[in-house]
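Participant: Take a look at this one; I'll ask things after.
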Amino acid sequence: MIDTIRALYRTLKTAILGDPVEVATVPEETASLAEIPVAPAPVSPDLVPEPEPVPATVADEWTVRTYVDPIFVKVGRVYLDAGALVLRSDRDTRGFVIPEEDLNEALTGGIGEVLLLDQTTTVGFARLSQSGLAMNIVIDTQLHTVPMRSLTPVLTGHNRKAPLFMPAEDLEPDVVVG
């Protein structure tokens, strides 16, 4: 075993220092292994070939944008009422509802309708987010979202309400009339 380590050491030393190539002697017990000749390292950096230029691709035309986490603000709550999901927003006093059939459609990957609370007029739609971690609700071109980790306990009856959020950049500042 010691002889094998010495032979390996000599071979590596020869390869690193650039001395003439010597084939290390292998002890008789490991003679069945094939000997691997090692070439000396190049002495001059001029001998190292230049890398070939990479042709331009579509990736060279991309622009890099800084990622900003979307900031959501709580604007209301949702709750179940007779199987339908009721949406109450502090920003819109009309009140909205997603009927039970449309709620099932939205939760299974389709698109469900959002109606006014009196259930006569369609004002938007609801569907799962691309990641499946939230239900996105668009009412009059305004995005609202409910995280599934909050909505699921409401749908299973463990919680009564879940928060309703809107992106912060979509909120207009409150106007004070005085």
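Every number in this text was worked out from the coordinates using simple rules, so none of it is lab data. Predicted, not measured: the structure shown is a model, and the values here were computed from it. No Cβ is skipped: glycine too gets one built from the backbone with ideal geometry, and neighbour counts run over all protein chains shown.
Participant: Quick query: amide H of Val123 versus all other amide H atoms, modeled in the peptide plane; which residues come in under 5 Å with a sequence gap of 5 or more or a different chain?
Facilitator: The answer is Val114, Leu115, Leu116.
Participant: Okay, moving on. Just rank His144, His158, fewest to most, by other beta-carbon atoms within 10 angstrom.
Facilitator: Details: His144 26, His158 8.
Ranked by crowding around the Cβ, least crowded first: His158, His144.
Participant: Given labels modelled 7 Å from the Cα in the Cβ direction, how far is it in nm from Tyr67 to Arg160?
Facilitator: For Tyr67 paired with Arg160, the spin-label model returns 3.9 nm.
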